[in-house]
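Report on the structure given below.
The values are calculated or read from the model by the stated rules, or taken from the named source; none is laboratory data. Owing to the predicted nature of the structure, the values given are computational and were not obtained by experimental measurement. Every residue, glycine as well, gets a Cβ built from its backbone with ideal geometry; the counts of neighbours run over all protein chains shown. Accessible surface is based on the protein model in full, side chains and every heavy atom, while ligands, DNA and RNA are left aside. Shrake-Rupley method; radii C 1.70, N 1.55, O 1.52, S 1.80 Å.
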Amino acid sequence: MIVKNLKKMYGEKTVLNINEFSFEPGKIYAIIGANGSGKSTFLKVIAGTLKPSEKPEVILENKTLAYMPQKNYAFKTTVLKNVMLTAKNKAEDLNLAKEYLSEMKIDHLMNQNASKLSGGETARMALCRIFLSGSDIILLDEPTAAMDIESTLLSEALIKKYKKKTNATIIMVTHSVNQARRLADEVIFMKDGKILESGSSEEILNSPTKPETKEFLEFFSSEI
């Protein structure tokens, strides 16, 4: 996937300004940066859920795309039916939906009304739902923000498994440097709506070249 001319302004303030960036299949990209750096805006413009200030170009190369926002929605039906909303083949995907719910340890809730789930349980359900879509490009906006440590690690395992199984491109906004270290093949550091530095996880997290990246990593590396 190639994105070009992603720009978003609120009044005279520019919150996103990315000329061009390419994402490769079979890789997990972690987007890091301080609050207000443009991370979520980046995903929303790619997904088409936020109207940009100029006409962007998102070249999908015949790939399918799915987006999981930070605030997940639970439809007023069972957990299983919520997950099955993205199924392409109801009969074939049913077992896979149950498998995902089991891996996320919420299979015992599959017949419960999803509106009664906790925030962390809703996030786990939403992760199952987006992966059941089988999309080639997955956009995740802080998917584990509402989860405890156990749920976070379960989610990370499912993310890695999906990438390995499908060779998908997974682009994930995360507030956790350590999560980026655990998961990402590539890391993108954003500041003031721009990509300030990008490269392999090892390069960016261990030997960044920009002083702003170094400062951010030193401050936030203690987070889970």
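Most tightly packed first, judged by the mean number of other beta-carbon atoms within 10 Å of their residues, the peptides 151-160, 17-26 read 151-160, 17-26. Here LEU50 and ASN206 are evaluated by their C-beta separation; at R0 = 35 Å the FRET efficiency comes out at 0.60.
Binning all Cα-Cα separations of region 51-139 at 5 Å, short to long from zero, yields these whole-percent fractions: 3, 14, 23, 22, 16, 9, 6, 5, 1, 0. To the nearest 10 degrees, how steeply does helix 211-220 sit against the main Cα axis of the chain, on a 0 to 90 scale? The answer is roughly 40 degrees. Could you work out [θ]222 nm for the chain from helices alone, using -39500 (n - 2.57) per DSSP H run of at least four and dividing by all its residues? Round to the nearest 500 deg cm²/dmol. Dividing the helical sum by the residues of the chain leaves -11000 deg cm²/dmol. Largest first, the residues GLU202, GLU197 sort by 1.4 Å accessible area into GLU202, GLU197.
Between amide H atoms placed 1.01 Å from N, distances below 5 Å from LEU196 occur with PHE189, MET190, LYS191, all of them 5 or more places distant or on a separate chain. Compute the distance in nm between two label points, each set 7 Å from the Cα along the Cα-to-Cβ direction, one at TYR73 and one at THR14. Between TYR73 and THR14, the label points sit 3.3 nm apart.
Please list log₁₀ I(q)/I(0) at q = 0.08, 0.16 Å⁻¹ for the chain, using the Debye equation with identical point scatterers on the alpha-carbon positions. Result of the Debye calculation: -0.28, -1.11. Per residue, the chain exposes an accessible area of 50 Å² to a 1.4 Å probe, with every protein chain left in place.
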